[in-house]
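Enquirer: Below: one structure in structure tokens.
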Amino acid sequence: MAPLAQRTMTEPRVDCDLPGPRSAELLARQERRESNARTYPRHLPIALAEAAGSFVRDVDGNVFIDFLTGAGVLSLGHNHPELVSSVTAQLGVLTHGLDFPTPVKDEFLEAQLSMLPVTMRNRTKAHFCGPTGANAIEAAVKLCKIATGRGDIVTFQGGFHGSTHATMALTGLVSQKRPVPNSVPGTHFFPYSYCGRCPLDLSPDTCSTNCVAYLERSLTDSNGGIPLPAAVVLELVQGEGGVVPATTDFVRRLRALTRELGIPLIVDEVQTGCGRTGTWFAFEQYGIEPDVVVASKALSGIGTPIALILYDAALDTWASGAHIGTFRGNQLAFAAGVEAVRIFRRDDVLGNVRRRGAQIHDRLTPLMAHPWVRDVRGRGLMWGIELADPDSGRPAADFAGAVQTRALRRGLIVERGGRDDCVVRILPPLNVAADVVDTACSILVDAIETGHP
Ligand SMILES: Cc1ncc(COP(=O)(O)O)c(C=O)c1O
């Protein structure tokens, strides 16, 4: 008999209460033996058996559309056959290579550089990091501190950059930071251009990006209290922060300011990178060139872990061993990444991201008429529906939780984020088909229209 994944999964189907009996058993064993810090199965109570494309099957045989895609890692869906073949072929050749050059690594970097704007290709150097986004952010910050000889970092409210000690320090999420005393000193938070919840309480109609003007004045004021920073760290679309795209004005002025003051601009493309927003990197849509680009999640397209920073060669002043790590040479990830870039070009996957993004826009924006829907926003295939109490404007976390649960019961896996987790988020595979998007949107709309709890 064929393995389950090879039997078709073409539509969602949930045949029992969730969790089903086998999932319940594994979840109970997990609860007994694994850490209290575990997250996803608390809100999505299923145990996974197998997956293919945009679908995943739980151990009870229920089939779900997976619009979480391993937190944005599986850009070409689960088990893309050509990526599976490239990883399988590489397995018998070489799997782990530290930072030695290898043919497949060379091909991988060539492919990555070819995806950069032409003007950046010849001045870009790469450093392969430990295989997580957080590790690469740490490397980017160290690179800039060493190159500038400065110690302070500017970052933005609502941003997420990882869970290590230093990346958590750069992250807005207070609940994660509160229990861990003594954060990394020299980190300064400024308002992001999130007009829907403007910390300066200005209206988008009267404000011409006062948030970036505030940053400009703070950094140029001789009494501003902040020494010239080593770097500014920016997400172009805040993902965990609730799918908040930065405004174009904000980003362009920030780029101009950092250039004028000689501050390296690090763009965190861990989530937005590798096609997620409709261009290979999100910064391309803003007409800017950053000094450092951080990429990780979807670099291999199939979840074989890898992370790297791409940076201006002028910053390359650090010494041998300045950022080491055992797992910097995942040859399986390199092989898959080469194949992923080839598939993106051959299948016009970026075109699909834009078309399916437009489809999601058309299907979900009518939800704005719902009193509890405060906003529907996104770029490419990264979308969020922000839910808030219509009377108080407070984040409607319970409603968002109920929507996530209802969607799961109807066969759709979605994520949450934003203030108090009040934003229902979707991160579909970038090669997702139109009919799957259609089914998923119907489930989501229905889960919201069923009403607030
Ligand atoms: C924008 C951004 N930066 C960094 C990270 C951290 O990546 P990792 O979980 O691989 O350490 C994430 C993870 O979600 C992210 O979304």
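Enquirer: Out of the residues in region 152-183 that are touching a residue at least 24 places away in the same chain (Cβ under 8 Å) and away from the ligand (no atom under 15 Å from the Cβ), which is farthest from residue 423 (Cα to Cα)?
Expert: 152
Enquirer: Identify the residue in region 107-148 that is aliphatic (A, V, I, L, M) and open to solvent by 30 Å² or more (accessible area, probe 1.4 Å) and, among all such residues, is nearest to the ligand (Cβ to nearest atom).
Expert: Out of the qualifying residues, it is 126.
Enquirer: Give all pairs with beta carbons closer than 6 Å in which a residue from region 381-395 that is farther than 30 Å from residue 74 by Cβ meets a residue that is modelled with pLDDT of 95 or more and assigned to a strand (DSSP E or B); count only pairs at least 6 apart in sequence or on separate chains.
Expert: From residues that are farther than 30 Å from residue 74 by Cβ, the pairs are 388/374; 388/395.
Enquirer: Only residues that are of a type in the set (A, V, I, L, M), over 25 Å from residue 173 (Cα atoms) and either touching a His at 6+ places or on another chain (Cβ under 6 Å) or not in a helix (DSSP H, G or I) (or both): list them for region 107-155, please.
Expert: If the condition is that a residue be of a type in the set (A, V, I, L, M), over 25 Å from residue 173 (Cα atoms) and either touching a His at 6+ places or on another chain (Cβ under 6 Å) or not in a helix (DSSP H, G or I) (or both), then 115, 116, 126 are the ones that fit.
Enquirer: Would you check if residue 424 is open to solvent by less than 10 Å² (accessible area, probe 1.4 Å) and outside any helix (DSSP H, G or I)?
Expert: yes
Enquirer: Now a separate question. Any idea which of (1) charged (D, E, K, R); (2) open to solvent by less than 40 Å² (accessible area, probe 1.4 Å); (3) within 16 Å of the ligand (Cβ to nearest atom) is the one residue 297 doesn't satisfy?
Expert: (2)
Enquirer: Cβ-Cβ below 8 Å, separation at least six or inter-chain, first residue in region 57-71 and more than 16 Å from the ligand (Cβ to nearest atom), second among the hydroxyl-bearing types (Ser, Thr, Tyr) and not in a loop (DSSP other than H, G, I, E, B): which pairs?
Expert: Partner pairs satisfying both residue conditions: 58/23; 59/23; 60/23; 65/439.
Enquirer: I'd like to know if region 198-205 contains one or more residues that are open to solvent by 30 Å² or more (accessible area, probe 1.4 Å), within 16 Å of the ligand (Cβ to nearest atom) and either assigned by TED's automatic domain parsing to the domain that holds residue 269 or modelled with pLDDT of 90 or more (or both).
Expert: no
Enquirer: Still on this model: Which numbered condition in (1) open to solvent by less than 70 Å² (accessible area, probe 1.4 Å); (2) at pLDDT 95 or above is the only one that residue 33 fails?
Expert: Residue 33 satisfies all of (1) open to solvent by less than 70 Å² (accessible area, probe 1.4 Å); (2) at pLDDT 95 or above except (1).
Enquirer: I need the full set of residues from region 256-267 which are open to solvent by 10 Å² or more (accessible area, probe 1.4 Å) and either more than 18 Å from residue 227 (Cα to Cα) or within 16 Å of the ligand (Cβ to nearest atom) (or both), in order please.
Expert: 256
Enquirer: Could we say that residue 162 is in a loop (DSSP other than H, G, I, E, B), modelled with pLDDT of 95 or more, in contact with a helix residue (DSSP H, G or I) (Cβ under 9 Å, 6 or more places away or on another chain) and surrounded by fewer than 16 Cβ atoms within 10 Å (Cβ to Cβ) here?
Expert: no
Enquirer: Okay, moving on. Residues that are closer than 27 Å to residue 238 by Cβ, at least 1 per element: which strands (runs of 3 or more DSSP E) completely within region 12-87 meet that?
Expert: 55-58, 63-66
Enquirer: Give me the pairs: first residue in region 76-94 and at positive phi, second residue part of a helix (DSSP H, G or I) and modelled with pLDDT of 95 or more, beta-carbon distance under 9 Å, and six or more apart or on different chains, which are they?
Expert: That search, which allows pairs on different chains as well, returns 77/69.
The values are calculated or read from the model by the stated rules, or taken from the named source; none is laboratory data. The shown structure was predicted, so the numbers you read here are calculated from the model rather than taken from an experiment. Using ideal geometry, Cβ is built from the backbone for each residue, glycine included, and neighbour counts are taken over all protein chains shown. Heavy atoms of the whole protein, side chains included, go into the accessibility calculation; ligands, DNA and RNA do not. Shrake-Rupley method; radii C 1.70, N 1.55, O 1.52, S 1.80 Å.
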